[in-house]
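Q: Sharing a structure, written as structure tokens. Questions coming.
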Amino acid sequence: MTTFVDRVELHVAAGNGGHGCASVHREKFKPLGGPDGGNGGRGGDVILVVDQDVTTLLDYHHSPHRKATNGQPGAGDNREGKNGKDLVLPVPDGTVVLDKQGNVLADLVGQGTIFVAGQGGRGGLGNAALASARRKAPGFALLGEPGEARDVVLELKTVADVALVGYPSAGKSSLISVLSAAKPKIADYPFTTLVPNLGVVTAGSTVYTIADVPGLIPGASQGKGLGLEFLRHVERCSVLVHVLDTATLESDRDPVSDLDVIEEELRQYGGLGDRPRIVVLNKIDIPDGQDLADMIRPDLEARGYQVLEVSAVARTGLKELSFALAGIVAKARAAKPKEEATRVVIRPKAVDDAGFTVTYEEETELYRVRGEKPERWIRQTDFNNDEAVGYLADRLARLGVEDELLKAGARAGDGVAIGPEENAVVFDWEPTVMAGAEMLGRRGEDHRLDAPRPAAQRRRDRQAERDDPQREYDEFDPF
């Protein structure tokens, strides 16, 4: 059974906002005591948070669909709905959040780091909050907004200071087991290690983490073996250690060619050219291994590598290796820029920024309105309530949507779409008049919606002409 997962696709859905309530206060001798509908509750967020006790993404591999709770609707007597509960998902340190296109959304490093993967929907306003001097008793309330739903990809990149790289069975797992308290699986066949192993090493006053990266063979950067799955775990390391097997039993291999192959795979993977390298000649406890190490060491040193000879079995050379790695890690830590406290940057919108755009689409013959406010107001409107539709028209007019439509060349009866193509509200546009209390009839109605609409008839006539080109000729032919 799989116990280590470092890449999953997670489907998150935040909670929906609760609907507002349309209610009128009633009590003895006060049959119409004014609006008292409460607001709906906010939907819960989906939040990813780094937890040091979590080391794998296995839970999300088995349960990839996660949803926060919805907000509760408002009620009469000015009772607001209960907010939805946030869904907090713990992830390992070093988790990278990407969208389906591969764009990085967040890099979660450090205990307690959070990222809001799904934003909960706003609760709708009740009619008590919508009351004004012009509309004293609204017969409608706003709907709650749906919560954000999207798919994200979680990738775990191990946070370690030192990465051990090399061919399978080069002795990486044995080396990490004697340098630290890690207990990886060790055997004499290739691909024994199927997951990265982490260990903590103490060398003098320096404490650092070390990880072995399994599955590197020729073609690993293109997906062969296990390399493509685990090459990402070396990206955060400060130093790379090439573990070379000086006692290999394969006739077509030697330590120098192994080094060249692994370096080529790291080069093709990219982003690792600036990391310092150390070469470790392992298994020198075997006589042939020591002889081979003596032969190739001058060649490796001539290339500029620092070369150390060790034996994980005989436990020789481990102290020198441990302190050499500690020195490089300490130097890398000192070279890193000091982390500054996160500053809150406020970027106010321009005074003349209307927050929406109006464009004409020739293929659909529609004027499309896009913007945060108009699209949010569309989602909040109950189109079964005429008064709510009239209120929407008033809001759009105050925002300046009608003025922009006129500037774009729109005429009465032209089609207008608000929102994206896949989820837009389309209607025939009629310039509106701001509603006052004198224009409202019974509760939930707006008389402006009952007015005749000759522009709509003109539009139907134009469509009929396109369907029957002979019609216009027949109507005006005197013979």
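The values are calculated or read from the model by the stated rules, or taken from the named source; none is laboratory data. Because the structure is a prediction, the values reported are computed rather than measured. Methodologically, a virtual Cβ is constructed for each residue, glycine included, from the backbone with ideal geometry; neighbour enumeration extends over all protein chains shown. Surface accessibility is based on the protein's heavy atoms, side chains included, excluding ligands, DNA and RNA. Shrake-Rupley method; radii C 1.70, N 1.55, O 1.52, S 1.80 Å.
Q: Restricting to segment 235-253, count the residues that are modelled with pLDDT under 80, within 23 Å of residue 309 (Cβ to Cβ) and either of a type in the set (Asp, Glu) or outside any loop (DSSP other than H, G, I, E, B) (or both).
A: Count: 1.
Q: Still on this structure, I have one more. Of the residues that sit in segment 130-155 and are under 18 Å from residue 378 (Cβ atoms) and of a type in the set (Gly, Ala, Ser), which one is farthest from the chain's Cα centre (by Cα)?
A: 141
Q: Which one is modelled with the lowest pLDDT, of the residues in segment 293-308 that are touching a strand residue (DSSP E or B) at 6+ places or on another chain (Cβ under 8 Å) and under 17 Å from residue 260 (Cα atoms)?
A: 293
Q: Take the residues in segment 309-335 that are among the β-branched types (Val, Ile, Thr) and touching a strand residue (DSSP E or B) at 6+ places or on another chain (Cβ under 6 Å), then tell me which one is surrounded by the most Cβ atoms within 10 Å (Cβ to Cβ).
A: Residues of segment 309-335 that are among the β-branched types (Val, Ile, Thr), as a first pass: 310, 313, 316, 328-329.
If we keep only those that are touching a strand residue (DSSP E or B) at 6+ places or on another chain (Cβ under 6 Å) as well, we get 310, 328-329.
Numbers: 310: 27, 328: 21, 329: 23.
Filtering first and then ranking leaves 310.
Q: Here is a follow-up. Just a yes or no: is a residue in segment 287-304 more than 20 Å from residue 169 (Cβ to Cβ) and not in a helix (DSSP H, G or I)?
A: Yes, the conditions are met somewhere in segment 287-304.
Q: Condition test on residue 256, is it touching a Pro at 6+ places or on another chain (Cβ under 8 Å), at pLDDT 80 or above and assigned to a helix (DSSP H, G or I)?
A: Against the criterion (touching a Pro at 6+ places or on another chain (Cβ under 8 Å), at pLDDT 80 or above and assigned to a helix (DSSP H, G or I)), residue 256 does not qualify.
Q: Mind checking which residues of segment 21-35 are aliphatic (A, V, I, L, M) and open to solvent by 30 Å² or more (accessible area, probe 1.4 Å)?
A: Residues satisfying the conditions are 22, 32.
Q: Also: Could you count how many residues in segment 272-286 are in contact (Cβ under 8 Å) with a residue 24 or more places away in the chain and either charged (D, E, K, R) or part of a helix (DSSP H, G or I) (or both)?
A: 4
Q: Taking the criterion of being at pLDDT 80 or above, out of contact with any strand residue (DSSP E or B) (no Cβ under 7 Å at 6 or more places or on another chain), on the phi > 0 side of the Ramachandran plot and not acidic (Asp, Glu), would at least one residue in segment 197-204 satisfy it?
A: Yes.
Q: Which condition breaks for residue 262 when tested against (1) touching a helix residue (DSSP H, G or I) at 6+ places or on another chain (Cβ under 7 Å); (2) buried (at least 18 other Cβ atoms within 10 Å of the Cβ); (3) among the β-branched types (Val, Ile, Thr)?
A: (1)
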